[in-house]
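Colleague: Got a structure for you, written out below as structure tokens; questions coming shortly.
The values are calculated or read from the model by the stated rules, or taken from the named source; none is laboratory data. If you're wondering where the values come from, they're calculated on a predicted model, not measured in any experiment. Methodologically, a virtual Cβ is constructed for each residue, glycine included, from the backbone with ideal geometry; neighbour enumeration extends over all protein chains shown. Side chains are part of the model used for accessible areas, which takes the heavy atoms of the whole protein and leaves out ligands, DNA and RNA. Shrake-Rupley method; radii C 1.70, N 1.55, O 1.52, S 1.80 Å.
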Amino acid sequence: MTDVQVSDAPDEHRFEARAPDGELLGFSVYDTIGTTVVFTHTEVDPRFEGQGIASTLVQGALDAVRASGRDVVAFCPYVKAWLGRHPDYQDLVRAPQK
């Protein structure tokens, strides 16, 4: 699907993917701890699965996190796998505490 719009909905603690008409296609839920965004769950409406919505959503969310100067922890399996396939986003992953 083209023209997917990704935006942060901070009151809902999630990034949302919407169609140009405003229909919600999917979302990625997060918590924040200090300057870290912790992704916990990503979901796409079953009617839109297999159309690249989740990938567009996660990339848009991570681009927003990068622009805000924050880092990421991925507990969500989809976000974790997406990060594993995109080494150019590894700089966002919060290093483990020692």
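Colleague: Once ligands and nucleic acids are excluded and a 1.4 Å probe is used, how much of residue 91 is accessible, expressed in Å² to the nearest 10?
Modeller: Estimated to the nearest 10 Å², residue 91 gives 110 Å².
Colleague: Next up: So, taking all protein chains as they sit and a 1.4 Å probe, how much accessible area belongs to residue 21, in Å² rounded to tens?
Modeller: So the heavy atoms of residue 21 present about 120 Å² to solvent.
Colleague: For the chain, the longest stretch holding no GluC sites (Glu not before Pro) located in a DSSP loop with at most 15 other Cβ atoms within 10 Å is which?
Modeller: On the way: sites that count: 23, 49.
Answer from the scan: 50-98.
Colleague: I want to check the label-to-label distance for residue 85 and residue 59. Put each point 7 Å from Cα in the C-beta direction and report it in nm to one decimal.
Modeller: 1.1 nm
Colleague: Could you check the spin-label model distance between residue 3 and residue 47? Points 7 Å from the Cα along Cα→Cβ, value in nm.
Modeller: Placing both labels 7 Å beyond Cα along the Cβ direction yields 1.6 nm.
Colleague: Right, here's the next one. If you take every residue apart from residue 76 with its C-beta less than 13 Å away from the C-beta of residue 76, what net charge results, scoring Lys and Arg +1 and Asp and Glu -1?
Modeller: Details: positive: 14, 80; negative: 31, 43.
Computed value for this residue: 0.
Colleague: OK, next. Where both residues lie in segment 12-98, what percent of DSSP beta bridges are antiparallel, nearest 5? Walk me through the intermediate numbers first.
Modeller: Working: 13 of 18 bridges.
Roughly 70 percent of the beta bridges in segment 12-98 run antiparallel, per DSSP.
Colleague: Of (i) 18.6, 64; (ii) 14.3, 41; (iii) 12.9, 47, which one was derived for Rg and Dmax of the Cα atoms in Å from the structure shown?
Modeller: Evaluating Rg and Dmax of the Cα atoms in Å on these atoms matches (iii).
Colleague: Hey, got a sec? Which chymotrypsin sites (Phe, Trp or Tyr not before Pro) in segment 19-87 land in a DSSP loop and have at most 13 other Cβ atoms within 10 Å? Mind showing how you got there, number by number?
Modeller: On the way: sites: 27, 30, 39, 48, 75, 78, 82; in loops: 75.
Listed in order of number, the matching sites are 75.
Colleague: Can you send over the carbon and sulfur percentage of the accessible area for the chain, probe radius 1.4 Å, protein chains only? Please report the intermediate quantities before stating the final value.
Modeller: Values: 2980 of 5680 Å².
The C+S portion of the solvent-accessible surface of the chain is 52 percent.
Colleague: Also, I was wondering about something else. Compute the accessible area per residue over the chain, keeping the other protein chains in place, probe 1.4 Å, unit Å². Kindly include the intermediate steps, with their values, before the conclusion.
Modeller: Numbers: 5680 Å² over 98 residues.
Each residue of the chain exposes 58 Å² on average to a 1.4 Å probe.
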